[in-house]
Amino acid sequence: MPSVLNDIRSRALELPPSERELLIHDLLVSLDDGIESDEGVEAARSVEIARRSADVHSGTAKLVDMDEALDRVLTAANNC
């Protein structure tokens, strides 16, 4: 990698997860040509995955076990 890229990468990895998430979002948006496309959907999905992953790693996400998750899904399905 060129030295500028190495420097940017190293500095970006020092950012807190929430700031890295914003950086990822900005970079992905910069690759989008503004036309709604599969790539745009994939970019949005990647940003959401990064956000959720950062929440889990930082401890801000409320995790539930599989049984509780299934109960919630079944309850919601029965209420439709």
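The values are calculated or read from the model by the stated rules, or taken from the named source; none is laboratory data. Keep in mind it's a predicted model, so treat the numbers as computed, not measured. Please note: Cβ atoms are built from the backbone with ideal geometry, for glycine as well, and neighbour counts cover all protein chains shown.
Couple of notes before you dig in:
- Verdict on residue 52 being out of contact with any helix residue (DSSP H, G or I) (no Cβ under 9 Å at 6 or more places or on another chain), of a type in the set (D, E, K, R) and within 26 Å of residue 18 (Cα to Cα): yes
- Contacts under 6 angstrom Cβ, first residue in the range 42-53 being assigned to a helix (DSSP H, G or I), partner surrounded by 14 or more Cβ atoms within 10 Å (Cβ to Cβ) and charged (D, E, K, R), 6 or more apart: 43/32; 50/21; 51/21
- Qualifying residue in the range 2-25 (condition: surrounded by 11 or more Cβ atoms within 10 Å (Cβ to Cβ), among the small types (Gly, Ala, Ser) and at pLDDT 85 or above): yes
- Qualifying residue in the range 52-67 (condition: over 18 Å from residue 8 (Cβ atoms), modelled with pLDDT of 85 or more and in contact with an Asp or Glu (Cβ under 8 Å, 6 or more places away or on another chain)): yes
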